[in-house]
């Protein structure tokens, strides 16, 4: 047959063939658009070749873009010897089939000697698709592909469709953004330059983001980058590359010779380059629209040119091998692959790079949080390898923060920094979200007492022997802050068992291990998978709640003894009202609670109740989170006597459910008129109050103002603003 594949290769008709191909042949016979002509084997490649006449329904207004496609086309369906575990391939019988104007093509058939262009029937793994859907659906898919072709529906306007290459000689990792910067800053419309690259394996290369020069490390070799930013090439690649002259359809091909001369004259180092058998050539071909899989309209095509430097060979006849270009990992690709392109990302300060912190840090980096500042004054010890993100023995003895930066640098260029210093010695913390992974009370109180943290921070810890993870994300302007959020969460223990269980949990003595050198560092027995589960929640909290007005508390239950118990709780924690400080003590009260008490001051009779909360002397903080108003209060216009009904029962329940973390810390009463100054009766009451704690808060609320008094000491001294 003239002008067909049969002219190029020998085909031998078969009368018998293996039984495994029968379902495919039967499916073709049942397909309304396909008629089998003959069945062959060939020296082209092992397997079965089924010659088919394909009936194509041509649109009434003609074939899209007047492509040379006929109502009856002949195709070859090629099934390899590993059928049905691999999908058949479709080969065009006509040698002049208009492949240079058709998207969705493969160059070659995988694991075969076939190098011809053929339809790309499925963007994903066609072999998996075929095994799941079978030969009947495959024949229908072939019909659909040719129907889409003649109707102009192969192109989805989602980008320029590049050819898929099979049986290639390797791949090269390139930072496309680096090459685009060279193109945009070059003085002329077309050009060439010599760039450094490394050979990472027999079939793997990495182009470095640096201009090649003499005297570089012996492992850094030159490659040539050529481009043309003026001429737009709309045709698709329509033939395999065998010799350099096959590249002439690309205008930038003319610059390859210039690049070789630069290597020979300007950068030639005999000892280093004489053994260079193949030269890596990268061409930037401008396409009419953004290239699928890239960030620009340039398609980067790479080949290995068999050329020996300082030879007189004509490069046009030198052999070339196709090398697939792969976008190296950068922030943009990281965001695209993780689906976080539309999430704004602030810098991250990581306090603590241990088992939990290291995983949170890397999860964030892989989502595009590429600017991280890592703080940890600790080194990797052998036991850390069981649960740390880093598992290489070579890391033992290195600072944890530094190792994490190295891990990020291995993935992509980033703006991260590592700091081997005591957290409490930090004088300046970069602006950004601070994530505290230290599980240290000292760190918690340091973050509250120092003013170097300006933005809301997130603190995460693991409790209940690993079965509970708690993450607290501060509200706007750090209100509520981590401490007040914890106290607010304590109150929920009155109604929610999981929180009460957390607050009353006692760690078994046999869970305590002393490790490290010359220290007693306590840890829990916990597997890496459980820590990873808790760490995986934190990046999602950051993505979703970073602009919330309220604080967000997240409890993650991962019960490895009973997986059906696993669940997640999200609580919104409202901001606090900051009352005037007294004698250096800061008084914070839940906003809705304060508004409620203020309303009582507008009533015709005075009212009173007890304050519930926490007093933390290490930061001189009084946090008021609830009140209890006895039903037997004796209320009058100018006085109130606080009752006792239900008080003991409530305090007992509070103590049991919160393990004593929430306490009766003071009292309040209202004045119905005037200001909040204490009356003679109030002063007498202050003097008679017996205090056995660090302090006792007395609050007077009037319609016009609020005043706080702190009673402390054995002499019942009280101070106010």
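If I go through segment 69-90 residue by residue, how many of them are touching a residue at least 40 places away in the same chain (Cβ under 8 Å), farther than 27 Å from residue 157 by Cβ and either surrounded by fewer than 21 Cβ atoms within 10 Å (Cβ to Cβ) or in the same structural domain as residue 323 (by TED's automatic domain parsing) (or both)? Selection size over segment 69-90: 5.
Filtered by the rule that a residue be within 17 Å of residue 99 (Cα to Cα) and in a loop (DSSP other than H, G, I, E, B), segment 57-70 gives 63, 67, 68, 69, 70. Would a scan of segment 531-541 turn up a residue that is buried (at least 18 other Cβ atoms within 10 Å of the Cβ), in contact with a helix residue (DSSP H, G or I) (Cβ under 6 Å, 6 or more places away or on another chain) and modelled with pLDDT under 95? Checked against the condition, which is being buried (at least 18 other Cβ atoms within 10 Å of the Cβ), in contact with a helix residue (DSSP H, G or I) (Cβ under 6 Å, 6 or more places away or on another chain) and modelled with pLDDT under 95, segment 531-541 yields at least one hit. Might you check whether a residue that is crowded, with 16+ Cβ neighbours inside 10 Å and in contact with a helix residue (DSSP H, G or I) (Cβ under 9 Å, 6 or more places away or on another chain) occurs anywhere in segment 684-691? No - not one qualifying residue is present in segment 684-691. The set of residues from segment 397-418 being out of contact with any helix residue (DSSP H, G or I) (no Cβ under 6 Å at 6 or more places or on another chain) and either crowded, with 20+ Cβ neighbours inside 10 Å or assigned to a loop (DSSP other than H, G, I, E, B) (or both) comprises 397, 398, 399, 400, 401, 405, 412, 413, 415.
Given the criteria within 21 Å of residue 335 (Cα to Cα) and modelled with pLDDT of 95 or more, does residue 362 qualify? Answer is yes for this residue.
Give the residue, chosen from 228, 235, 217, that is outside the structural domain of residue 62 (by TED's automatic domain parsing), closer than 28 Å to residue 105 by Cα and surrounded by fewer than 15 Cβ atoms within 10 Å (Cβ to Cβ). Unique residue meeting the criteria: 235.
Scanning segment 357-396 for residues being surrounded by fewer than 20 Cβ atoms within 10 Å (Cβ to Cβ), over 15 Å from the mean Cα position of the chain (by Cα) and in a loop (DSSP other than H, G, I, E, B) gives a total of 6. For residue 462, the requirement of being surrounded by fewer than 20 Cβ atoms within 10 Å (Cβ to Cβ) and within 22 Å of residue 539 (Cβ to Cβ) is not met. Just checking, which of 315, 343, 348 is on the phi < 0 side of the Ramachandran plot, at pLDDT 90 or above, buried (at least 17 other Cβ atoms within 10 Å of the Cβ) and under 14 Å from the mean Cα position of the chain (by Cα)? So the residue among 315, 343, 348 that is on the phi < 0 side of the Ramachandran plot, at pLDDT 90 or above, buried (at least 17 other Cβ atoms within 10 Å of the Cβ) and under 14 Å from the mean Cα position of the chain (by Cα) is 348.
For the structure I just gave you, tell me whether residue 59 is exposed (fewer than 14 other Cβ atoms within 10 Å of the Cβ) and over 17 Å from residue 84 (Cα atoms). So residue 59 fits the description; yes. With respect to (1) surrounded by 14 or more Cβ atoms within 10 Å (Cβ to Cβ); (2) not in a strand (DSSP E or B), the lone exception for residue 282 is condition (2). Restricting attention to segment 326-356, the residues that are within 19 Å of residue 294 (Cβ to Cβ) and assigned to a strand (DSSP E or B) add up to 2.
Across segment 623-652, the number of residues qualifying as assigned to a strand (DSSP E or B) and either modelled with pLDDT under 95 or in contact with a helix residue (DSSP H, G or I) (Cβ under 6 Å, 6 or more places away or on another chain) (or both) comes to 8.
The lone criterion from (1) within 18 Å of residue 470 (Cα to Cα); (2) touching a strand residue (DSSP E or B) at 6+ places or on another chain (Cβ under 9 Å); (3) at pLDDT 90 or above left unmet by residue 575 is number (1).
The values are calculated or read from the model by the stated rules, or taken from the named source; none is laboratory data. Only a predicted model underlies this, so the values are computations on that prediction, with no experimental measurement involved. So basically every Cβ, Gly included, is an ideal-geometry build from the backbone, and we count neighbours across all protein chains shown.
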